[in-house]
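*Asks:* Right, I'll just put the structure down here and ask away after.
The values are calculated or read from the model by the stated rules, or taken from the named source; none is laboratory data. The model shown is predicted, which means the values in this text are computed figures rather than measured ones. Positions of Cβ are generated from backbone atoms using ideal geometry, with glycine treated the same way; all protein chains shown enter the neighbour counts. Accessible surface is based on the protein model in full, side chains and every heavy atom, while ligands, DNA and RNA are left aside. Shrake-Rupley method; radii C 1.70, N 1.55, O 1.52, S 1.80 Å.
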Amino acid sequence: MTATAKPQLRPLVKLVFDLGPLAMFFLANARYDVFVATATFMVAVLAALAGSYVLTRRLPIMPVVTAIIVVVFGGLTLLLHNDLFIKVKPTILYALFGAVLLGGLFFRKSLLGIIFDSLFHLTEQGWRKLTLRWALFFCALAVLNEIVWRNASTNLWVDFKVFGVLPLTFLFGALQFPLLKKYAAEPAE
């Protein structure tokens, strides 16, 4: 019996679904304010999630968790007209991702291996090392977000989210290629 492959998003479509809501948040903040940007972000995240579901007939866990947190904290931001909630949302999201990845390692589960096994094929040791690195990176981003939002204007914080966190994440991801190469495993038949 052969397993059917899960439908995958094309890389460009996935990139649009992943980065589009953030770009819309940035543009709405630049044109209006953080409250309009927050509402725009909420709608865009839900639209990206719906688009992903339409194309693949499944909902990936990380975008679902992200959408829930965006809607909850974005809703609090709008309801209470207080930008504190949208500013701490990344801290909570990054800390949650970091904690979940570290918790998985504690229970000897490389959760990144479960999420990305269709993209990368690594040895168990490779998955553990990659998971630990990403967990620590997410924890560092949580701390960094706290430092920036507490010490910068809202507009500077928004700029940091787009022009700071995004390049840092791409750079960190690129720096993982030697690990991916070193611990590459042959895909299972």
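*Asks:* Consider only pairs whose beta carbons are under 8 Å apart and that are at least six residues apart or on different chains; among these, list those whose first residue lies in the stretch 38-57 and is hydrophobic (A, V, I, L, M, F, W, C) and whose second residue is outside any helix (DSSP H, G or I) and open to solvent by 60 Å² or more (accessible area, probe 1.4 Å).
*Replies:* LEU49/LEU59; LEU55/PRO7
Results for (1) open to solvent by less than 30 Å² (accessible area, probe 1.4 Å); (2) within 17 Å of the chain's Cα centre (by Cα), shown as yes or no for each residue.
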{"position": "ALA135", "(1), (2)": "yes, yes"}
{"position": "ALA140", "(1), (2)": "no, yes"}
{"position": "ASN155", "(1), (2)": "no, no"}
{"position": "THR169", "(1), (2)": "no, yes"}
{"position": "PHE172", "(1), (2)": "no, yes"}
{"position": "ALA185", "(1), (2)": "no, no"}
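*Asks:* If I filter the stretch 140-189 down to residues being touching a residue at least 60 places away in the same chain (Cβ under 8 Å) and of a type in the set (S, T, N, Q), which single residue comes out as farthest from ALA99 (Cα to Cα)?
*Replies:* ASN155
*Asks:* Moving to a separate point now. Taking the stretch 94-103, which residues are open to solvent by less than 20 Å² (accessible area, probe 1.4 Å) and free of Cβ contacts under 8 Å to residues at least 40 places away in the same chain?
*Replies:* LEU101
*Asks:* Testing PHE160 on (1) within 17 Å of the chain's Cα centre (by Cα); (2) surrounded by fewer than 17 Cβ atoms within 10 Å (Cβ to Cβ), one condition comes back false. Which one is that?
*Replies:* It is condition (2) that PHE160 fails.
*Asks:* A further question on this structure: Please indicate, with yes or no, whether at least one residue in the stretch 52-72 is among the aromatic types (Phe, Trp, Tyr) and open to solvent by less than 40 Å² (accessible area, probe 1.4 Å).
*Replies:* Scanning the stretch 52-72, I find no residue that is among the aromatic types (Phe, Trp, Tyr) and open to solvent by less than 40 Å² (accessible area, probe 1.4 Å), so the answer is no.
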